[in-house]
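Taking it in order: structure first as structure tokens, then the write-up.
The values are calculated or read from the model by the stated rules, or taken from the named source; none is laboratory data. This one's a predicted model, so the numbers in the text were calculated from it and none came from an experiment. Here the Cβ is made from the backbone with ideal geometry for all residues, glycine too, and neighbour counts use every protein chain on show. Ligands, DNA and RNA are excluded from the accessible area calculation, which covers all protein heavy atoms including side chains. Shrake-Rupley method; radii C 1.70, N 1.55, O 1.52, S 1.80 Å.
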Amino acid sequence: MGKLAGKVALVTGASRGIGAAAARALAAEGAAVGLVARSGDAIAALAEEIGAGGGRAAALPCDVADHAAVADAVAEAGRRLGRVDILVSNAAVIEPIAPIAEVAPEDWMRAVAINLAGVFNGMRAVLPGMIAGGGGTLISVGSGAAQNPLEGWSAYCSTKAAVLMLARCTHHELKGRGIRVFSLSPGTIATDMQRAIKASGINPVSRMAFEEHAPPDHPARAIVWLCTKEADGLAGSEVSLRDPEFRARIGLG
């Protein structure tokens, strides 16, 4: 019996990278997993993979920037898997990578729609059911970019900072009502996003070797741990995989 048996988790940005790794890790611990991403084929393949391994998963293609689509995905997850107990808000884009004085305004606002509004849309869709059911866990995948400005990343840094405050506001409003809210800062992770960053050559992160980035299963393990009672004392805070004490608590040493 896994640590999350009987739970239903919804993971956004589940088609690859941290999202796919988190979905696999949650399923391995017994959670039924709703997979949300724009790439329907990729999440369908992942749902089939999880099912073949004895887990339960449902592919729920949608654009997180569209609140109505997210609400429909949450309702469909409820019909197919059960009420959502866990939301992992992972969907985000690094683009546009460009100087502020040159960036296309429509590209900048699209990042806001995905990275920030997308997190709000997920929270807004799942919270009524969580509150009515007596509790739930909200995990936002954050970034050190929320605290540290970087050249060419004004959209990414700004939206990640806003997502951190959204998590704090949600905790402030709902503490004591069974809703556990966390922000996870994973550090640099070896995903396709890092390949796009490296190709840009615009700031120090882009000049890191790909081998220097941690594997996606590290934040996935952290996400599973945050879904357990062991993490109760950290509710309302941001935790970082760069923190040796936190790494030790989740078994990463």
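Some values worked out for this structure:
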| read-out | value |
| --- | --- |
| For the stretch 1-144: accessible area per residue (Å², 1.4 Å) | 41 |
| Among [x] 27, 20, 19; [y] 40, 25, 17; [z] 30, 21, 16, the entry derived from the coordinates for semi-axes √(5λ) of the Cα gyration tensor in Å | [x] |
| Carbon/sulfur fraction of accessible area - the stretch 68-169, other protein chains in place, 1.4 Å, % | 60 |
| Potential lengthening between ARG38 and ALA68 on full extension [0.36 nm per residue; Cα-Cα distance subtracted] | 9.4 nm |
| DSSP loop GluC sites (Glu not before Pro) with at most 16 other Cβ within 10 Å excluded, longest remaining stretch of the chain | 152-253 |
| Accessible-area ranking of HIS67, HIS172, largest first, probe 1.4 Å | HIS172, HIS67 |
| Amide proton proximity set for SER237, modelled H, under 5 Å, gap of 5+ | SER183 |
| Amide H contacts of ARG38 (H built 1.01 Å from N, under 5 Å, at least 5 apart or other chain) | CYS62 |
| Accessible heavy-atom area order of LYS3, LYS160, LYS175, LYS229, highest first, probe of 1.4 Å | LYS229, LYS3, LYS175, LYS160 |
| 10 °C / 1.306 mPa s Stokes-Einstein diffusion coefficient of the stretch 1-43, Kirkwood radius on C-alpha pairs, µm²/s | 156 |
| Rounded accessible area of ASP217 (nearest 10 Å², 1.4 Å probe) | 70 |
| Span from the the stretch 7-25 Cα centroid across to the the stretch 129-154 one, whole angstrom | 15 |
| Rounded accessible area of TRP108 (nearest 10 Å², 1.4 Å probe) | 70 |
